[in-house]
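These notes concern the structure reproduced below.
Every number in this text was worked out from the coordinates using simple rules, so none of it is lab data. Because the structure is predicted, anything quoted here is derived from the model rather than measured. So basically every Cβ, Gly included, is an ideal-geometry build from the backbone, and we count neighbours across all protein chains shown.
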Amino acid sequence: MKRAANTASLPDIPDAVRAVVLQVTARLKDLPGALLPVLHGVQQALGCVPEISVPLIARELNLSRADVHGVISFYHFFRSKAPGRRVIYVCRAESCQAMGAVTLEKHIRQRLGVGFHETTADGAYTLEPVYCLGLCACSPAIMVDDELKGRLTPERFDAWLAAEKT
């Protein structure tokens, strides 16, 4: 059952963001449980779900702003700020941890100078945790954008990063 929408006035939303939200919600709002598909659609189009878009999403789905914000903040996949040009996902599942992911994670954080959910100062990389990449036989693993990398060591990460920067 849907809750009453927040009828307070909407904040100024940039036209590009407004257009994306309205297009995505118009296409998906009649699906059962439309909020998750809408959030995925907005993030796919904009690279994130900007905080400024939450009131409009809530209005279009007849939900409260708190409902929308609660889902965005609960699922680590959603972000409210645009990510870096490349997103590095580090697997933190048991298999990867048993095979050295903790050491690898510390190395990557130190090498990039960021923690999880942060982006490097130059905007090149965003670091995200993930709790299984399904690459357990090749632990420890990371994924860069959509590319899986298994049996990763700090040295192999450094070699990849050096090649990436050339």
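Given the stretch 80-161, what percent of its DSSP beta bridges are antiparallel, to the nearest 5?
That works out to approximately 55 percent antiparallel.
If you stretched the chain out fully between Ala82 and Asn62, how much longer would it get, using 0.36 nm times the residue separation minus the C-alpha to C-alpha distance?
4.6 nm
Karplus couplings for the stretch 69-80 from phi (6.51 cos²θ - 1.76 cosθ + 1.60, θ = phi - 60°), rounded to Hz, Gly and Pro as x?
Karplus values, whole Hz, x for Gly and Pro: 4, x, 5, 4, 6, 6, 8, 5, 5, 7, 10, 9.
With contacts defined as alpha carbon pairs under 8 Å and 6 or more residues apart, what's the relative contact order of the chain in percent?
19 percent
Can you list the HN-Hα couplings for the stretch 90-100, worked out from phi with the Karplus curve (6.51, -1.76, 1.60; θ = phi - 60°), rounded to whole Hz and with x for Gly and Pro?
Working through the residues one at a time gives 9, 6, 10, 6, 4, 4, 5, 4, 5, 9, x Hz.
May I ask you to sort Thr126, Thr153 by Cβ crowding, counting other Cβ atoms within 10 Å and putting the fewest first?
Thr153, Thr126
Quick one: which residues, 5+ away or cross-chain, put their amide H under 5 Å from the amide H of Tyr125? H built at 1.01 Å from N.
Under 5 Å from the amide H of Tyr125 lie the amide H atoms of Arg85, Arg86, Thr120, each far enough along the sequence or on another chain.
I need the shape label for the stretch 15-74. Rule: rounded when a/c is under 1.5, else prolate if a/b > b/c, else oblate, with a, b, c from the alpha carbon gyration tensor.
The shape class here is rounded.
Nearest-5 percent of antiparallel DSSP beta bridges in the stretch 9-147?
Percent antiparallel among DSSP bridges in the stretch 9-147 is about 50.
Counting other Cβ atoms within 10 Å of each Cβ, which trypsin sites (Lys or Arg not before Pro) in the stretch 118-166 have at most 11 and sit in a DSSP loop?
Sites meeting the loop and neighbour criteria: Lys165.
Quick check: net charge around Lys81, other residues with Cβ under 12 Å of its Cβ, Lys/Arg +1 and Asp/Glu -1?
-1
Calculate how steeply helix 35-46 sits against the longest principal axis of the alpha-carbon atoms of the chain, using the helix alpha-carbon long axis, and give the answer as 0 to 90 degrees to the nearest 10.
It is inclined by approximately 70 degrees.
Could you pull the Rg and Dmax for the chain, using just the Cα atoms, both in Å?
Reported Rg and Dmax, both Å: 18.5, 54.
How far is helix 15-28 tilted off the main Cα axis of the chain, in degrees rounded to 10, range 0 to 90?
Rounded to the nearest ten degrees, it is 80.
Kindly express, to the nearest 10 degrees and within the range 0 to 90, the angle between helix 101-112's C-alpha long axis and the longest C-alpha principal axis of the chain.
The answer is roughly 80 degrees.
Quick one: what are the phi-derived ³J(HN,Hα) couplings along the stretch 159-164, Karplus 6.51/-1.76/1.60 with θ = phi - 60°, whole Hz, x for glycine and proline?
My calculation for the stretch 159-164 gives 5, 4, 5, 4, 5, 5 Hz in order.
Would you list, by chain and number, the aspartates and glutamates whose Cα falls below 16 Å from the Cα of Lys81, excluding same-chain residues fewer than 8 positions away?
Straight-distance partners of Lys81: Glu51, Glu118, Asp122, Glu128.
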